[in-house]
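First comes the structure, then the notes that go with it.
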Amino acid sequence: MVDQTQVTVHPVAPTGGRRVTAHVHGTDSILGVAYSMADVVEFLRRAGWADEADWPPIMWRGGGPTVWAAEGSE
């Protein structure tokens, strides 16, 4: 079976931060709430993807890796 792992960084929540989830073999798991790209990197490391070359595809919703605050809140 082909590994269909995908990580999703969700839009900024009204309370701040972006939820990060991993979809692995049909199951979603919350990795944490990120407040910066460094948090995303740490969540991936803790999940077993220590090297960026090994990272699964990342889907960015509500903005890319430079968006960490809700629009109009900065």
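The values are calculated or read from the model by the stated rules, or taken from the named source; none is laboratory data. Bear in mind that the values here come from a model prediction, so they are computed numbers and not experimental data. Note: accessible area is taken over every heavy atom of the protein model, side chains too, but ligands, DNA and RNA are not part of it. Shrake-Rupley method; radii C 1.70, N 1.55, O 1.52, S 1.80 Å.
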Point to revise | Identity of the residue in the range 17-56, under 11 Å from Val7 (Cα atoms) and open to solvent by 80 Å² or more (accessible area, probe 1.4 Å), that ends up nearest to the chain's Cα centre (by Cα) | key: Arg19
Practice item. Test Trp68 against the stated conditions and say whether it is among the aromatic types (Phe, Trp, Tyr) and open to solvent by 60 Å² or more (accessible area, probe 1.4 Å). Key: no
